Amino acid sequence: MNTQTKLAIVSISLVIPLVSLVIYSTDSPQQFKSNDTLKLQVISSFYPLHEFSQYIGQDKIDTILLVPVGVEPHDWEPTIKDVQRIQKSDLIIINGIGFEHWVENFDKKNYRGKIIDTSSGIKIKNLGELNDLGDPHIWLNPVYAKTQVQTIANAFSESDPKNQQFYQNNAASYIDKLNELDLKIRDELSNCDNDFIAFHDAFSYFADEYNLNQHTIIPSNNPHGEPTAKTLEHIISLAQKLNIHIIYGEENTDSRTSKVIANEIGGRVLTLSTLEVDSDGTYFSKMSTNLDYLKESLC
Ligand SMILES: [Zn+2]
């Protein structure tokens, strides 16, 4: 490693808080339509769950995405206004596994609705080997996304039984699309290499499902912390050893670290989406772009 790279690494690892670079939206929060109180009032905690809820409920529900567009959900906390909106809902759809820290402090005694944990029934991994914190990134594995979709459909059906068939049919059609995506990923990665370097520990469930080895720039035991000079040096030598030429950056995070590593190994940066931050595109469009970018490195 040359001196310039070393300096770049040190300045990045000491000075720049990488994961916190998100665009804060000033949009006023959406409100439930007050004249339509017969519809199920649904709050989804972050983008993928919002898309699943909309697809399943369509015009039979009012659904609100809690974390605003452009905001990273890991560290988000609700405002007093958000708490009021949450209190008025019939269902709160959460990822679970500690992803929504605010749920711990939410006043459940005064809430008339239900909190639906979409991680129920999914086998949770820990973040890193020496860590008993659960890894929340289940939605990035389409097989687990199917469970989340079915859990949401069941919750809608139970709270609004007259539209049960509608919710279950829509869930079945979304699950068909997830099955197609799953087969496509399995098929297209089947004869390729296994090791890739992601930014934070978001693709562990995806990697397990499709027989890949995820290495991360941000250490696994602190998935939303900052890279240290030591981890960067480790990643650079790992990339050289494994003959890796593509380093993944991540949508809505600073890509400087990935660029420093890519420069050092004479490679380039491609950006994966973790779907954590709402932006253009759908679950399927983003997952298929992720697949295309992974194939560039692995196949
Ligand atoms: Zn994450």
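Overview of values
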item	result
Test: Leu133 is within 16 Å of the ligand (Cβ to nearest atom) and surrounded by fewer than 23 Cβ atoms within 10 Å (Cβ to Cβ)	yes
Identity of the residue in the stretch 271-285, more than 16 Å from the ligand (Cβ to nearest atom) and part of a loop (DSSP other than H, G, I, E, B), that ends up surrounded by the fewest Cβ atoms within 10 Å (Cβ to Cβ)	Asp280
Which listed residue, of Tyr174, Tyr248, Tyr205, is within 16 Å of the ligand (Cβ to nearest atom), touching a helix residue (DSSP H, G or I) at 6+ places or on another chain (Cβ under 6 Å), within 22 Å of Ser288 (Cα to Cα) and not acidic (Asp, Glu)	Tyr205
Boolean, Lys109 is of a type in the set (Lys, Arg) and assigned to a loop (DSSP other than H, G, I, E, B)	no
Failed item in (1) touching a residue at least 40 places away in the same chain (Cβ under 8 Å); (2) touching a helix residue (DSSP H, G or I) at 6+ places or on another chain (Cβ under 7 Å), with Pro136 passing the rest	(2)
Of all residues in the stretch 71-106 being among the polar types (S, T, N, Q) and more than 21 Å from the chain's Cα centre (by Cα), the one that is nearest to the ligand (Cβ to nearest atom)	Asn105
Count of the stretch 115-128 residues which are in contact (Cβ under 8 Å) with a residue 40 or more places away in the chain and either within 14 Å of the ligand (Cβ to nearest atom) or of a type in the set (D, E, K, R) (or both)	3
Residue that is nearest to the ligand (Cβ to nearest atom), among those in the stretch 136-156 that are of a type in the set (A, V, I, L, M) and touching a Pro at 6+ places or on another chain (Cβ under 9 Å)	Leu140
Conditions (1) crowded, with 21+ Cβ neighbours inside 10 Å; (2) within 16 Å of the ligand (Cβ to nearest atom); number of the one not met by Glu226	(1)
Residue match in the stretch 233-245 (condition: within 15 Å of the ligand (Cβ to nearest atom), outside the structural domain of Ser45 (by TED's automatic domain parsing) and surrounded by 21 or more Cβ atoms within 10 Å (Cβ to Cβ))	no
Number of the condition not met by His215 [criteria: (1) part of a helix (DSSP H, G or I); (2) modelled with pLDDT under 95]	(1)
Test result for Thr216, of a type in the set (Val, Ile, Thr) and within 16 Å of the ligand (Cβ to nearest atom)	yes
Evaluation of Phe196 against (1) farther than 27 Å from Gln58 by Cα; (2) within 16 Å of the ligand (Cβ to nearest atom); (3) in contact with a Ser or Thr (Cβ under 8 Å, 6 or more places away or on another chain) (one fails), failing number	(2)
Single residue of the stretch 37-59 satisfying the filter (touching a strand residue (DSSP E or B) at 6+ places or on another chain (Cβ under 7 Å) and in a helix (DSSP H, G or I)) that is farthest from the ligand (Cβ to nearest atom)	Gly57
Where a residue in the stretch 64-76 is touching a residue at least 40 places away in the same chain (Cβ under 8 Å) and its partner, wherever it lies, is among the aliphatic types (A, V, I, L, M) and away from the ligand (no atom under 16 Å from the Cβ), with Cβ under 6 Å and at least six apart	Gly70/Ile23
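The rows are residues; the columns are (1) in a helix (DSSP H, G or I); (2) not small (Gly, Ala, Ser).
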| site | (1), (2) |
| --- | --- |
| Ser258 | yes, no |
| Ala262 | yes, no |
| Val269 | no, yes |
| Met287 | yes, yes |
| Leu291 | yes, yes |
| Leu294 | yes, yes |
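The values are calculated or read from the model by the stated rules, or taken from the named source; none is laboratory data. Bear in mind that the values here come from a model prediction, so they are computed numbers and not experimental data. Note: ideal-geometry Cβ built from the backbone for every residue, glycine included; neighbour counts use all protein chains shown.
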